[in-house]
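Derivation of every value follows stated rules applied to the coordinates shown; laboratory data play no part. Source: prediction; values computed, not measured. Note that each Cβ is placed from the backbone with ideal geometry, even for glycine, and that neighbours are counted across all protein chains shown.
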Amino acid sequence: MKLRAIVLVAATVGAVGSLAAQTPQNTTPSSGTGAKSPDPNEVVCERQEVLGSRLASKRVCMTRSQWADMKSQDRQNIERAQTQRGNMAPK
């Protein structure tokens with residue numbers, strides 16, 4: 001059980017780290033005043049590394065709102081794993 005939690009945390013941190021380090025491929029500069037927020041329905045593609053391979057990568061395309069939801073869920077999973085880790089101390 002402890003090993004499973006460690007693997008989950010490591011995989012989640014690795015996935016979030018690789019997402020945070022990458023920048024969107026097809027961003028367009030915003031025109032105008034800059035006060036407008038980007039369109040949440042705009043499709044943005046990112047290249048993601050395949051875990052376990054140094055060379056392979058895949059292109060993932062989602063809307064901005066889907067990217068935001070995925071990053072939020074990843075962050076929640078990390079926080080949950082970190083708080084549960086404290087409860088797993090041997091008694």
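Just to confirm a number: summing +1 for Lys and Arg and -1 for Asp and Glu over residues other than Glu79 whose beta-carbon lies under 15 angstrom from that of Glu79, what do you get? Its environment carries a net charge of +3.
So, in nm, how far is label Glu79 from label Ser53 when the simple model puts each one 7 Å beyond its Cα toward the Cβ? For Glu79 paired with Ser53, the spin-label model returns 3.4 nm. Packing around the peptides 51-60, 67-76, taken as the average count of other Cβ atoms within 10 Å per residue, puts them in this order, highest first: 67-76, 51-60.
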